[in-house]
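**Student:** My structure is below; once you've seen it, I'll send some questions.
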Amino acid sequence: MNILDIIHNKVPEALKALYDLDIPAQNLVINVTNKEFEGDYTVVTFPFTKQAKKRPDQIAQEMGEYLLEHVDEFEKFNVVKGFLNLTVGDSYWKSFLGTILDNDDYGKANPNGQKALVEFSSPNTNKPLHLGHIRNILLGWSMAKILKASGSEVVKTQIINDRGIAICKSMLAWEKFGEGKTPESEDVKSDHFVGHWYVIFETKFKEEYNNWQKTDEAKKLLSEKEVKEENIDAFFKKYKNEYFNQYSQLGKEAKSMLLKWEDGDPATRQLWQKMNGWVYNGFEVTYKDLGVDFDLLYYESNTYLLGKDIIMDGLEKGIFYKKEDGSIWIDLEDQKMDHKLVLRSDGTSVYMTQDIGTAHERFKNHGTEKMIYVVADEQNYHFKALFAILEKLGEPYAQGCHHLSYGMVNLPTGRMKSREGTVVDADDLMEVVIKEAADSAKEIGALAGLPEEEQNNIFRQIGMAALKFFIIKVSPRKSMIFDPTESVDMQGQTGPYVQNAGVRCRSILRKLGEYDKSRIKDYTEIQAPEKELLQLLHSYPEVIQEAAREYDPSHVANFCYALAKNFHKFFNSGLSVIRAETEDAKAFRAALTESTLNTLISSMDLLGIEIPKRM
C-alpha cells in the first residue's frame, strides 16, 4: 500500500475515532505540501469544522497526533491554520525506492477487465496526412497507450474515408490531366501524388468558375438576385458550392463519377482501387515514420451501408419519427439539442446513420465498453448528438462513449488550406523538425565522433520527440501553434529537454558501473532534492490513471517535464552520485537515478517518444 492509500485510509479512521464522523475517503482534500512549508503531504481540515464543532487548526493538531501515534510511516507533522502537513519517514521512501527499482512495469495497473476502442487518424484518400492529422494521430496513439497502462484492453482503429465527392475529384483530375503518370514515373511519394491531383482539380475548377462569372448566364443570375456591383465578389464567393452543383462541367463529371462508383461501374471501381492503393502505400510510410499502427481498419465504402436497420427498428419503437417527405428524424430537444436527420427521404444514409451502425457493429464484434473518438472540435455537436441517440436506443456501451475533442493546430505562418495546396504535409513537417534537431546538435558538436548512421538515428529521435512532445503537452481542447524551432529548444518545456535528462541519467550510470543496491536501506537523511524526485516518482501511477480518466495525455507530458526538471535540479544540487560522501549515499542516489531513467523511459513511451543513448 502506498502512502497516499495509507492517508486515505487513516484520515477517515482518525475522524471517526476523534469526532465520530463518517467521511468517505473520496471527500478528502489531500495535496503535496507547498514547498515553502515543511512536510510531504497536506490534509485540508476546513470541511470538517461544522460537524466536529472545532476550529480547523484544532482538528489538524488532534488529527496529526492521532496519525503520528497510529501510522508508523509518519515521522512528524505541523499545522498551518487548517492545513495538516505530514512528513513521511525516510524508511518509507527507501523501501519505496527499492520496490520500484527493478520493476519494469512500475506505474502500470493490473488488467481491470475493461475493453476500450480508440478511433483516430481516419483520413480521406484524396490527400496525404497533414499537420492537423499529426495532432489527431499523436493524441489517439498516446491515449491508447495510456488506457492500456491504466489497465484496459485496447483496440486501435481508424475509419478510412475512401469514398465520396472529394475522392472523385482526385480521380477525375488524374483521368483528365494525368496523361498516365504514376508515383513511380514522377518519383513522388504515392499519397502526395494523389493529393496533387486534388489540388489540380480545385485549380481547374477555380479557373472554370472565374471564366463562368464573365458569361451571360452569370450576369443574368446577378440581375435576378439584384446583386449590387460592389457586392459581386462577395456573392460569387458564397455561390461557389451552388455553382459546382448546378452549372460546373467539372462538377457534373465528378458527380457522374460518384454515381458510377455507387452503381459499381467496373472501370470507375478499378480507377478508385488504383488511386486508393497509392494513398494507402503512402499512409503506411507516414505511420511507420510516426511510430504508430492500428489493430483494426474500417472503410467508409463499407460502413456507409450500416445503421439503416437500426434506424428502421427505432422508428417502429417510436424513438425516431418520419416527416411527410419520407426522411427520418429524432427529437433531441430534451437533451438541449434540436431535431436531427438520421436517414434521407430517398433512403440514403447520412454520417449519423453510419456512425450509429459502426458503433453497434464494433460492440457486437469486439465487446468494447468504451469507445473514444479522436476528432477535431468542429464535430462537437455531432458527437454530442450521436451519444444521445445511442442512449435513446438503449445501446449498452452508450455511457462509455467519449469524444476526445481537440483544437486546431497551425504554424506561425497561419492557417492551412488543402484545396489550395498550402497544407503542411506530415512527411514534410517531420523532415523539418529532424533537420532542426540535426542543425542544433551539430552546432553543439556533442555527436561529432559517432558514425553517420548513428548520428542520423539520434537526430531522428530528437526531432520526433520535439514534434510529439510539443503537440501532446498542450491540453487537447486548446488550439495551438506549432513552432518547429521552439520545439527543439534544449532549455524549454520540450521533448529534447526531457530526453536530455534521460541521457544524463544514462551517462551517470555508465560512468558509475555496478553498485550495491542492498545499501539503499542504510542511507540516512534524505535531502530535499532527493525527496522531490521520490515524490514525483511516487505520483506516476496516479498520473497515468488521471490521464486515462480525463482522456488527456498532456498530464503525462507535464509529468515527464516535471520529472526531468527535478532531476536536472538534483544533478546541479551538489549531491553527487559518483563522488558521493559514503557508499550508502552512492547506492541510494544511483538507485534514484536509475529509477528516474526507468520512469522517464516508461512515461515518454506513453507519448510515443524514445530516449536516445546519447545527445
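The values are calculated or read from the model by the stated rules, or taken from the named source; none is laboratory data. No experiment lies behind these values; they were computed from the predicted model shown. Glycine also receives a Cβ, built like all others from the backbone with ideal geometry; neighbour counts cover every protein chain displayed.
**Student:** Mind checking which residues of segment 176-234 are hydrophobic (A, V, I, L, M, F, W, C), in contact with a Gly (Cβ under 9 Å, 6 or more places away or on another chain) and over 26 Å from Tyr287 (Cα atoms)? Talk me through it step by step, then tell me what you get.
**Tutor:** Keep residues of segment 176-234 that are hydrophobic (A, V, I, L, M, F, W, C), which gives 177, 188, 193-194, 197, 199-201, 205, 212, 218, 221-222, 227, 232, 234.
Filter again for in contact with a Gly (Cβ under 9 Å, 6 or more places away or on another chain), leaving 193-194, 197, 199-200, 205.
Scanning segment 176-234 gives a single hit, Phe205.
**Student:** So, in segment 331-362, of the ones that are outside any loop (DSSP other than H, G, I, E, B) and among the charged types (D, E, K, R), which residue ends up nearest to Asn161 (Cα to Cα)?
**Tutor:** In the first step, residues of segment 331-362 are kept if they are outside any loop (DSSP other than H, G, I, E, B); the result is 331, 333-335, 339-343, 349, 351-362.
Checking which are among the charged types (D, E, K, R) leaves us with 331, 333-334, 340, 355, 361-362.
Numbers: Asp331: 28, Glu333: 31, Asp334: 32, Lys340: 22, Asp355: 13, Glu361: 17, Arg362: 17 Å.
Ranking the candidates gives Asp355 first.
**Student:** Can I ask one more? Checking the condition over 22 Å from Trp261 (Cβ atoms) and at pLDDT 95 or above, which residue from Lys219, Lys189, Lys176, Lys225 passes? Quick ask: steps written out before the conclusion?
**Tutor:** Numbers: Lys219 fails: at pLDDT 95 or above; Lys176 fails: over 22 Å from Trp261 (Cβ atoms); Lys225 fails: at pLDDT 95 or above.
Among Lys219, Lys189, Lys176, Lys225, only Lys189 is over 22 Å from Trp261 (Cβ atoms) and at pLDDT 95 or above.
**Student:** With the condition kept exactly as written, say whether any residue in segment 291-312 is over 30 Å from Gly394 (Cβ atoms), in contact with a Pro (Cβ under 7 Å, 6 or more places away or on another chain) and surrounded by 16 or more Cβ atoms within 10 Å (Cβ to Cβ). Walk me through how you get there before you give the answer.
**Tutor:** We begin by selecting, within segment 291-312, every residue over 30 Å from Gly394 (Cβ atoms); these are 291-293.
Right, trim to in contact with a Pro (Cβ under 7 Å, 6 or more places away or on another chain) and you get none.
The answer is no; no qualifying residue exists.
**Student:** Let me ask something else. Given the conditions (1) surrounded by 14 or more Cβ atoms within 10 Å (Cβ to Cβ); (2) free of Cβ contacts under 8 Å to residues at least 60 places away in the same chain, report the number of the one that Glu333 does not fulfil.
**Tutor:** That leaves (1) as the condition not met.
**Student:** Being β-branched (Val, Ile, Thr) and either in contact with a Pro (Cβ under 8 Å, 6 or more places away or on another chain) or more than 15 Å from Gly107 (Cβ to Cβ) (or both) is true for just one of Thr524, Thr596. Which residue is that?
**Tutor:** On the way: Thr596 fails: either in contact with a Pro (Cβ under 8 Å, 6 or more places away or on another chain) or more than 15 Å from Gly107 (Cβ to Cβ) (or both).
Criteria check complete, one pass: Thr524.
**Student:** Search segment 166-192 for residues being assigned to a helix (DSSP H, G or I) and among the hydrophobic types (A, V, I, L, M, F, W, C), and hand back the single one that is farthest from Ser301 (Cα to Cα). Give the derivation first.
**Tutor:** First pass over segment 166-192, keeping only residues assigned to a helix (DSSP H, G or I): 166-177, 183-186, 190-192.
Those still in the list that are among the hydrophobic types (A, V, I, L, M, F, W, C) too: 166-168, 171-174, 177.
Details: Ala166: 13, Ile167: 11, Cys168: 13, Met171: 16, Leu172: 18, Ala173: 21, Trp174: 21, Phe177: 26 Å.
Within segment 166-192, the match that is farthest from Ser301 (Cα to Cα) is Phe177.
**Student:** Which of (1) more than 20 Å from Ala547 (Cβ to Cβ); (2) buried (at least 21 other Cβ atoms within 10 Å of the Cβ); (3) among the charged types (D, E, K, R) is the odd one out, the single condition Glu119 does not satisfy?
**Tutor:** Tallying (1) more than 20 Å from Ala547 (Cβ to Cβ); (2) buried (at least 21 other Cβ atoms within 10 Å of the Cβ); (3) among the charged types (D, E, K, R), Glu119 fails exactly one: (1).
**Student:** Can I ask one more? Out of curiosity, is Leu575 part of a loop (DSSP other than H, G, I, E, B), within 30 Å of Glu75 (Cα to Cα) and in contact (Cβ under 8 Å) with a residue 40 or more places away in the chain? Even if it seems obvious, please write down each step before you answer.
**Tutor:** Numbers: part of a loop (DSSP other than H, G, I, E, B): yes; within 30 Å of Glu75 (Cα to Cα): yes; in contact (Cβ under 8 Å) with a residue 40 or more places away in the chain: yes.
Judged against the criteria, Leu575 is a match.
**Student:** Filter segment 374-415 down to residues that are touching a residue at least 40 places away in the same chain (Cβ under 8 Å) and within 30 Å of Glu486 (Cβ to Cβ), then give me how many there are.
**Tutor:** Within segment 374-415, residues that are touching a residue at least 40 places away in the same chain (Cβ under 8 Å) and within 30 Å of Glu486 (Cβ to Cβ) number 13.
**Student:** If you don't mind, another one. So Asn211 passes all but one of these: (1) touching a residue at least 24 places away in the same chain (Cβ under 8 Å); (2) closer than 19 Å to Tyr247 by Cα. Which condition number does it fail?
**Tutor:** It is condition (1) that Asn211 fails.
**Student:** Any residue in segment 524-545 that is surrounded by fewer than 18 Cβ atoms within 10 Å (Cβ to Cβ), farther than 26 Å from Asp90 by Cβ and either in contact with a His (Cβ under 8 Å, 6 or more places away or on another chain) or not assigned by TED's automatic domain parsing to the domain that holds Lys468 (or both)?
**Tutor:** no
**Student:** Okay, moving on. Could you check, for segment 55-78, whether at least one of its residues is in contact (Cβ under 8 Å) with a residue 60 or more places away in the chain, touching a Ser or Thr at 6+ places or on another chain (Cβ under 6 Å) and of a type in the set (Asp, Glu)? It would help to see each step written out before you state the result.
**Tutor:** Applying the first criterion (in contact (Cβ under 8 Å) with a residue 60 or more places away in the chain) to segment 55-78 yields 70-71, 73.
This time we only want the ones that are touching a Ser or Thr at 6+ places or on another chain (Cβ under 6 Å), so: none.
No, that holds for no residue.
**Student:** Run Arg269 past the list (1) over 30 Å from the mean Cα position of the chain (by Cα); (2) exposed (fewer than 13 other Cβ atoms within 10 Å of the Cβ); (3) among the basic types (Lys, Arg) and report the number of the one that doesn't hold.
**Tutor:** Answer for Arg269: the failing condition is (2).
**Student:** Does at least one position in segment 440-450 carry a residue that is at pLDDT below 95, farther than 30 Å from Ile311 by Cβ and buried (at least 21 other Cβ atoms within 10 Å of the Cβ)? Let's see the steps before the verdict.
**Tutor:** Taking segment 440-450 as the starting set, the residues that turn out to be at pLDDT below 95 are 440-450.
Narrowing the set further to residues that are farther than 30 Å from Ile311 by Cβ leaves 440-450.
Remaining after also requiring buried (at least 21 other Cβ atoms within 10 Å of the Cβ): 441.
The answer is yes, given that some residue of segment 440-450 is at pLDDT below 95, farther than 30 Å from Ile311 by Cβ and buried (at least 21 other Cβ atoms within 10 Å of the Cβ).
**Student:** Take the conditions surrounded by 17 or more Cβ atoms within 10 Å (Cβ to Cβ), of a type in the set (Gly, Ala, Ser) and either in contact (Cβ under 8 Å) with a residue 24 or more places away in the chain or out of contact with any His (no Cβ under 7 Å at 6 or more places or on another chain) (or both) and apply them to Ser554. Does it pass? Write out each step before concluding.
**Tutor:** Numbers: surrounded by 17 or more Cβ atoms within 10 Å (Cβ to Cβ): yes; of a type in the set (Gly, Ala, Ser): yes; either in contact (Cβ under 8 Å) with a residue 24 or more places away in the chain or out of contact with any His (no Cβ under 7 Å at 6 or more places or on another chain) (or both): yes.
Yes.
**Student:** Out of segment 488-507, which residues are touching an Asp or Glu at 6+ places or on another chain (Cβ under 9 Å), in a helix (DSSP H, G or I) and under 9 Å from Ile462 (Cβ atoms)?
**Tutor:** Scanning segment 488-507 gives Pro496, Gln499.
**Student:** Having 3 or more residues that are in contact with a strand residue (DSSP E or B) (Cβ under 6 Å, 6 or more places away or on another chain) is the bar; report the strands (runs of 3 or more DSSP E) wholly within segment 1-117 that clear it.
**Tutor:** Result: 41-44, 74-80, 83-88.
Yes or no, residue by residue, for (1) crowded, with 16+ Cβ neighbours inside 10 Å; (2) at pLDDT below 95; (3) hydroxyl-bearing (Ser, Thr, Tyr):
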| position | (1), (2), (3) |
| --- | --- |
| Lys340 | yes, no, no |
| Thr348 | no, yes, yes |
| Val374 | yes, no, no |
| Gln399 | no, no, no |
| Val423 | yes, yes, no |
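**Student:** Just the residues that are under 19 Å from the mean Cα position of the chain (by Cα), modelled with pLDDT of 95 or more and closer than 19 Å to Pro553 by Cβ, please, taken from segment 108-128.
**Tutor:** Lys108, Ala116, Leu117, Val118, Glu119, Phe120, Ser121
**Student:** So which helices (runs of 4 or more DSSP H) are wholly in segment 212-251 and hold at least 1 residues that are of a type in the set (Gly, Ala, Ser)?
**Tutor:** Values: elements: 216-224, 232-238, 240-246.
Answer list for segment 212-251: 216-224, 232-238.
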